[in-house]
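Some notes on the structure that comes next.
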Amino acid sequence: MSNDCIYKEKNIVYFQKPGKANTEKTIELAKKRALELRIKHVVVASTKGRTGVLAAEAFSDTDIELVVVSEHYGYKNEGDWFMEEKHLSRLNDFGIKVMTQSHVLSGVERSLTKHLGGVSRVEAIAEAIRKLVGVGVKVCVEIAIMAADSGYIPCGPDIEVMCIAGYAGGADTAVVIRPSHMNNFFDLEIREFVCLPRVKNPGTLDKDKSQKN
């Protein structure tokens, strides 16, 4: 083996199914790896706030700065925000930063698609990540950029953050990301997978079983 071949072996946890049942384990694994890497910022996707609170509780005994990113206002209904007051209050008690803004991997392009048809290049990127690697990975990429663009996390070639996201109201994915701003999207790097679902769509397992039967 060449002396230039330098590598490290690390475990990746694969959940059999995506979803919120994996939330606590995902946060546990993310915390362990963040501490190993001496990561200073963790970004968590949390629609209603429950996942954010669980992360806040888990990281409360560290000096890691936590940022919770929620859905933008009006995601489904005009003016509505999904964050629940009881969870928001708890996050405030922990002193956690809670932010929201337009979703980077959809934005105005989603509105054009709805009204004019077709698919934009931005939406194509989002769909490719979502289908090939998973919903959680797509969201992790998105929230890293959203947090960077809002000034909640730093950017730079030597900066790494832990991102936590998932599917169906919980967390099942944790990745180490070199974040970037929206206008430098291709500077972003997914540097490590800590955990993610092995099967991306929960319906796929049932389909595979029916085909075998």
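Number of residues in segment 93-148 that are over 21 Å from the mean Cα position of the chain (by Cα) and not in a helix (DSSP H, G or I) equals 4.
Considering only residues of segment 46-55 that are among the aliphatic types (A, V, I, L, M) and surrounded by fewer than 24 Cβ atoms within 10 Å (Cβ to Cβ), which is farthest from S89 (Cα to Cα)? Out of the qualifying residues, it is L54. The requirement of being surrounded by fewer than 18 Cβ atoms within 10 Å (Cβ to Cβ), of a type in the set (F, W, Y) and in contact (Cβ under 8 Å) with a residue 24 or more places away in the chain is satisfied by F94.
Within segment 68-90, restricting attention to residues that are in a loop (DSSP other than H, G, I, E, B) and of a type in the set (S, T, Y), the residue that is modelled with the highest pLDDT is S70. Restricting G79, G49, G74 to residues that are within 21 Å of S150 (Cβ to Cβ) and touching a Lys or Arg at 6+ places or on another chain (Cβ under 8 Å) narrows the list to G49. From the list Y7, Y73, the lone residue that is hydroxyl-bearing (S, T, Y), free of Cβ contacts under 8 Å to residues at least 40 places away in the same chain and surrounded by 12 or more Cβ atoms within 10 Å (Cβ to Cβ) is Y73. Assess whether S102 counts as being surrounded by 12 or more Cβ atoms within 10 Å (Cβ to Cβ), modelled with pLDDT under 90 and on the phi < 0 side of the Ramachandran plot. Judged against the criteria, S102 is a match.
Rundown of residues vs (1) among the hydroxyl-bearing types (S, T, Y); (2) within 23 Å of N11 (Cβ to Cβ); (3) at pLDDT 95 or above, yes/no style:
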position	(1), (2), (3)
G136	no, yes, yes
V141	no, yes, yes
I153	no, no, yes
I159	no, no, yes
P202	no, no, no
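Scanning segment 10-57 for residues that are under 14 Å from the mean Cα position of the chain (by Cα), of a type in the set (G, A, S) and assigned to a helix (DSSP H, G or I) yields a count of 3.
Each row is one residue, and each column tells you yes or no for (1) of a type in the set (D, E, K, R); (2) over 15 Å from D187 (Cβ atoms); (3) free of Cβ contacts under 8 Å to residues at least 24 places away in the same chain; (4) buried (at least 24 other Cβ atoms within 10 Å of the Cβ).
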| position | (1), (2), (3), (4) |
| --- | --- |
| V119 | no, yes, yes, no |
| V122 | no, yes, yes, no |
| E127 | yes, yes, yes, no |
| G151 | no, yes, yes, no |
| V161 | no, no, no, yes |
| A165 | no, yes, no, yes |
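Taken over segment 82-115, the criterion of being polar (S, T, N, Q), in contact with a strand residue (DSSP E or B) (Cβ under 9 Å, 6 or more places away or on another chain) and closer than 19 Å to G151 by Cβ is satisfied by T100, Q101.
The values are calculated or read from the model by the stated rules, or taken from the named source; none is laboratory data. Remember, it's a predicted structure, so these values are computed and weren't measured experimentally. Because the Cβ atoms are built from the backbone with ideal geometry, glycine has one as well, and the counts that use them run over all protein chains shown.
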